[in-house]
1. Just from the alpha-carbon atoms, what are the Rg and Dmax of the chain in angstroms?
2. Report the GluC sites (Glu not before Pro) located in the stretch 21-70 that are in a DSSP loop and have at most 14 other Cβ atoms inside 10 Å of their Cβ, or state none.
Amino acid sequence: MMDLRLQAPDGASTLSLDGATATMGELRAAVAARHAIPAAEQQLLAGFPPVPLASEDSALLSHVFDGAQG
């Protein structure tokens, strides 16, 4: 499981997703459901300093976050 901390205009929250099987599309859908931000309007960042996560909806979170840690 991956615990992902979200910071949104309406506050912070944490999502738990299976990083081995969850996709960017599922992450975007979960953010939309939790914070009412349409996927097309989301800006997803990771790492320090934060860098944008620009990836296809079908990309596995495990691969996306491995690349973000640079």
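1. 11.2, 30
2. Those satisfying the criteria are Glu56.
Every number in this text was worked out from the coordinates using simple rules, so none of it is lab data. The structure presented is a predicted model; accordingly, all values stated were derived computationally and were not measured. Glycine gets a Cβ as well: all are built from the backbone with ideal geometry, and neighbour counts include every protein chain shown.
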